[in-house]
Ligand code: NDP
């Protein structure tokens, strides 16, 4: 049995109370490791270490800081296969997905911000003949990063990399459901000699570790990705303490398909945008609206392709792996029941999948396509975050905009059309922080990333992240 440890003050240590939680392989339903069940005292120890490291890290020459961060990128890259196996084991995602997407993107996050910090400049504002203002951007101090289980290392590094690059010391909490690659990251940090206390990784439950992070007065900013309800809890504690907050929250993303799109490209991408990572990507499109003239063609082709998806042991060549945990598996199945009660027709899937052999007790759900639901029923309003999509026809742009904008969320939207004017018009009017036209999940790390409405507060990515993790100070000089 593997016992993971916290990474505090440059060392791997046991939780102070020596309590552990079970970590389950969701493809088998068996415990494969134990993780620290840390509490407030472990967070406080990490904060003390971060405070000790704060001055030197903030004042280190940026090139040197960048070298450490690039070394972390290389350290993960060297162990890519090991990291990918750990991610797949912990999360249930197909190994090929972790190898192709999750781990390389985590490497890119570190590499991007190691480079970005070397290109950073700040503004100045000249006052004709009187003086000049310049903006000094300094690190905040001790900051926290809290991330979810769906893209474990990818989202963890998405936050940690800019926080470190800008000179902050970090307290980071991965989801207790998927802690393994965060643990491997701490090994890499030790290997590359990252100075003690600069990054501290505290494992454990949101209610204990996350709660102390929200309350701890020495943590001045929190970058959080996770569910909208958790974001609300964190904000209710941290906002009255005037902590800087970046909240990347849930979504219920529309996928809007017009008859004039490139049909084959759209179908291929829509299968991915519906079911990649078992539909557990915050950017997956779960409400698919199709222009009526191609609705039947879409339905038949889409359902046929979804039926052909291979579901099974994430270690083999499959499209769909396991759902991340028993709790989440039960939540998704309960939403399929709700969809049936609401009058939905299951076109394919709609049930758990029992595999044979080693994965007999794993948490697998067949990719599910549902039609016949109202745009404003619970199935179409609430985040399911699994391999479940609904399809629905529409006649006009006005009608589909009403459907698309009906939820309380506003994270991402995908629009399929070859009509340029319409594409721009829709991009302007769909209420989402991220709009993809004729593509999905095409990412450029320089772009602002985040959601409107209840999908989040603030933006990360590129300079937005650099700005979030720094305090701007205006210096005014009269001459
Ligand atoms: P949760 O909100 O349950 O958890 C996210 C993180 O917060 C975990 O590390 C969790 O710890 C921690 N946490 C839980 N309770 C608290 C608390 N009271 N105080 C502080 N921290 C706490 O989300 P999930 O892990 O279930 O992830 C899925 C959600 O994330 C979906 O809603 C999805 O849309 C969203 N998401 C959003 C993205 C975006 O960019 N907008 C990207 C990816 C996902 P623990 O695991 O121990 O409970």
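Within the range 352-383, restricting attention to residues that are assigned to a helix (DSSP H, G or I) and over 27 Å from residue 254 (Cβ atoms), which residue is farthest from the ligand (Cβ to nearest atom)?
Only one residue tops the list, namely 357.
Can you find, within the range 432-448, the residue that is surrounded by the most Cβ atoms within 10 Å (Cβ to Cβ) among those that are in contact with a helix residue (DSSP H, G or I) (Cβ under 7 Å, 6 or more places away or on another chain) and part of a strand (DSSP E or B)?
So, considering only residues that are in contact with a helix residue (DSSP H, G or I) (Cβ under 7 Å, 6 or more places away or on another chain) and part of a strand (DSSP E or B), the one surrounded by the most Cβ atoms within 10 Å (Cβ to Cβ) is 437.
If you take the residues in the range 9-28 that are within 24 Å of the chain's Cα centre (by Cα) and surrounded by 14 or more Cβ atoms within 10 Å (Cβ to Cβ), which one is farthest from residue 202 (Cα to Cα)?
27
Please go through the range 217-253 and give me each residue that is farther than 22 Å from residue 433 by Cα, touching a strand residue (DSSP E or B) at 6+ places or on another chain (Cβ under 8 Å) and part of a loop (DSSP other than H, G, I, E, B), ordered by number.
Selection gives 218, 219, 220, 243.
Quickly run through the range 285-319 and pick out the residues that are in contact with a helix residue (DSSP H, G or I) (Cβ under 6 Å, 6 or more places away or on another chain) and under 20 Å from residue 150 (Cα atoms).
Passing the criteria: 285, 287, 313, 314, 315.
When you go through (1) surrounded by 24 or more Cβ atoms within 10 Å (Cβ to Cβ); (2) closer than 18 Å to residue 54 by Cα one by one for residue 217, which number turns out not to apply?
(1)
For the range 381-389, does any single residue satisfy the condition of being surrounded by fewer than 16 Cβ atoms within 10 Å (Cβ to Cβ), in contact with a strand residue (DSSP E or B) (Cβ under 9 Å, 6 or more places away or on another chain) and within 24 Å of residue 464 (Cβ to Cβ)?
no
When you check residue 88 against the structure, is it buried (at least 24 other Cβ atoms within 10 Å of the Cβ), in contact (Cβ under 8 Å) with a residue 60 or more places away in the chain and touching a strand residue (DSSP E or B) at 6+ places or on another chain (Cβ under 8 Å), yes or no?
In short, no.
Check 197, 141, 210 and return the single one that is within 8 Å of the ligand (Cβ to nearest atom) and modelled with pLDDT of 95 or more.
Criteria check complete, one pass: 210.
Among the residues in the range 102-118, are any over 20 Å from residue 449 (Cα atoms) and either surrounded by 20 or more Cβ atoms within 10 Å (Cβ to Cβ) or without any contact (Cβ under 8 Å) to a residue 24 or more places away in the chain (or both)? Walk me through it before giving the result.
First, the residues of the range 102-118 that are over 20 Å from residue 449 (Cα atoms): 118.
Now restrict to residues that are either surrounded by 20 or more Cβ atoms within 10 Å (Cβ to Cβ) or without any contact (Cβ under 8 Å) to a residue 24 or more places away in the chain (or both): none.
No, the conditions are met nowhere in the range 102-118.
If you take the residues in the range 167-182 that are crowded, with 24+ Cβ neighbours inside 10 Å and in a loop (DSSP other than H, G, I, E, B), which one is nearest to the ligand (Cβ to nearest atom)?
Among those that are crowded, with 24+ Cβ neighbours inside 10 Å and in a loop (DSSP other than H, G, I, E, B), it is 175.
Going by what's in this entry, would residue 153 be described as more than 14 Å from the ligand (Cβ to nearest atom) and part of a helix (DSSP H, G or I)?
no
Hey, any hits in the range 287-305 for a residue that's modelled with pLDDT of 95 or more, within 23 Å of residue 409 (Cβ to Cβ), within 16 Å of the ligand (Cβ to nearest atom) and under 19 Å from the mean Cα position of the chain (by Cα)?
No; the residues of the range 287-305 include none that is modelled with pLDDT of 95 or more, within 23 Å of residue 409 (Cβ to Cβ), within 16 Å of the ligand (Cβ to nearest atom) and under 19 Å from the mean Cα position of the chain (by Cα).
For the range 220-237, how many residues meet the condition of being surrounded by 13 or more Cβ atoms within 10 Å (Cβ to Cβ) and either within 9 Å of the ligand (Cβ to nearest atom) or modelled with pLDDT under 95 (or both)?
The total comes to 11.
Hey, could you check the range 271-284 for residues that are assigned to a helix (DSSP H, G or I) and in contact with a helix residue (DSSP H, G or I) (Cβ under 8 Å, 6 or more places away or on another chain) and say which is farthest from the ligand (Cβ to nearest atom)? Spell out the reasoning first.
So the first thing to find is which residues in the range 271-284 are assigned to a helix (DSSP H, G or I), and the list is 271-279.
Still in the list and also in contact with a helix residue (DSSP H, G or I) (Cβ under 8 Å, 6 or more places away or on another chain): 271, 274-277.
On the way: 271: 20, 274: 15, 275: 16, 276: 13, 277: 10 Å.
By that ranking, first place goes to 271.
Hey, any hits in the range 333-344 for a residue that's surrounded by fewer than 22 Cβ atoms within 10 Å (Cβ to Cβ), away from the ligand (no atom under 15 Å from the Cβ), closer than 30 Å to residue 418 by Cα and within 27 Å of the chain's Cα centre (by Cα)?
no
The values are calculated or read from the model by the stated rules, or taken from the named source; none is laboratory data. For clarity, every value in this text was computed on a predicted model and none was experimentally measured. Here Cβ is always computed from backbone atoms with ideal geometry, including for glycine, and neighbour counts include all displayed protein chains.
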